[in-house]
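Input: a single structure, listed below in structure tokens.
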Ligand SMILES: *[C@@H]1O[C@H](CO)[C@@H](O)[C@H](O)[C@H]1NC(C)=O
Ligand SMILES: *[C@@H]1O[C@H](CO)[C@@H](O)[C@H](O)[C@H]1NC(C)=O
Ligand SMILES: *[C@@H]1O[C@H](CO)[C@@H](O)[C@H](O)[C@H]1NC(C)=O
Ligand SMILES: *[C@@H]1O[C@H](CO)[C@@H](O)[C@H](O)[C@H]1NC(C)=O
């Protein structure tokens, strides 16, 4: 047993080294055998098996092309802080396939859009230089949406989980599946709109726990007998001001959307919006800002995603903030449509 574990450990270590080394040596003519060997190790690491030889060959072609792309993009890095790409679990998916499976344009279209915050009751002076709600115990573990575009539901429960912890002191895993199944304004695993989903929780009088209403990564039937364990009183919306977003993030985790086109192979570092259109509100992924900070003069948001812990930095993305006017809606549109829940107890306490 022990030997097995050590072997397994050494193997993963070897894979890591190989992937790193091969990544750097590929451009200088790695042999077909080297790359094929790397592909075999990658398959093993990710438990990937293909139906037939043709499928395998097809995937190998995509893998090679992705490897080339990852090397090219990494070669353009000019600071150690800058984001890195790597052969993660999406290594055998073409960018087109990835985009079809994980991304779709976030349509802003609901009566909840108009719930703008009157920021007269917000105290935004003397904000802390950094905040990380994970360290305050207000963030649950990173989930994996699987083959279901439920990121909008995970963002919404994440914001409610955070608020609930701040207000009541309890961190409770809430049910994204309930939103997937029950919010009639959204399209379940075909994507949904986060403002509507907050609205559904308000009108429903609460949402159930993940333990009672577990995630199944596919469309399900709305359970009539679900519990209303955590409720919210209202949804407020910010529309583009980074100052307001910073201020609100200092008070609670907030739901945002961003264009994630360039993030398939993101493995860490501060993402500067390469592959996003500047001056655009176009977004493709809903996520949760759980904090902000700075490193060596580079200001960033800490963003919780729902693509599993084996994507990004243990499931998280660091993306630049406090950028130039070229990004009027923030990097990749992250300031464009910000929503957060409130409980009146919180509003009156603050
Ligand atoms: C939430 O669920 C995770 C498993 O996904 C579990 O490890 C964790 O303990 C749960 N957290 C709470 C606060 O119940
Ligand atoms: C899930 O349900 C939505 C409608 O609510 C539909 O558009 C979508 O195609 C369904 N997805 C799957 C995988 O069945
Ligand atoms: C990202 O932008 C680079 C050019 O900087 C381009 O070569 C690449 O194809 C783009 N990647 C995606 C996934 O669109
Ligand atoms: C934004 O960056 C400038 C320097 O470029 C810095 O002085 C300022 O404090 C930053 N603002 C925030 C809110 O981090």
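Using a cutoff of 8 angstrom between alpha carbon atoms and counting only pairs six or more residues apart, the relative contact order for the chain works out to 19 percent.
Relative contact order of the stretch 159-303, please, whole-number percent, based on alpha carbon pairs below 8 angstrom and at least 6 residues apart. Normalised by residue count, the contact order of the stretch 159-303 is 20 percent.
For residue 129 and residue 279, what does the FRET efficiency come to when R0 = 22 Å and r is the distance between their Cβ atoms, rounded to the nearest 0.05? Can you show the working numbers first?
Details: r = 29 Å, r/R0 = 1.30.
Efficiency at R0 = 22 Å is approximately 0.15.
Would you please state the base-10 log of I(q)/I(0) at q = 0.08, 0.09, 0.12 1/Å for the chain, with intensities from the Debye formula using one equal scatterer on every alpha carbon? Debye intensities relative to I(0), on a log10 scale: -0.41, -0.52, -0.89. The order of the peptides 314-326, 50-62, 209-221 by mean Cβ neighbours within 10 Å, most packed first, is 314-326, 209-221, 50-62. The stretch 72-108 and the stretch 278-350 have Cα centres lying 17 Å from one another. Beta bridges from DSSP with both residues in the stretch 102-342: antiparallel share about 90 percent, rounded to the nearest 5. Over the chain, DSSP H runs of length four or greater, each weighted -39,500 (n - 2.57), average out per residue to a 222 nm ellipticity of -11000 deg cm²/dmol.
Coordinate-derived values only; no laboratory data. Everything numeric here is computed off the predicted structure, so don't read it as measured data. Note that we place each Cβ from the backbone using ideal geometry, even for glycine, and neighbour counts take in every protein chain shown.
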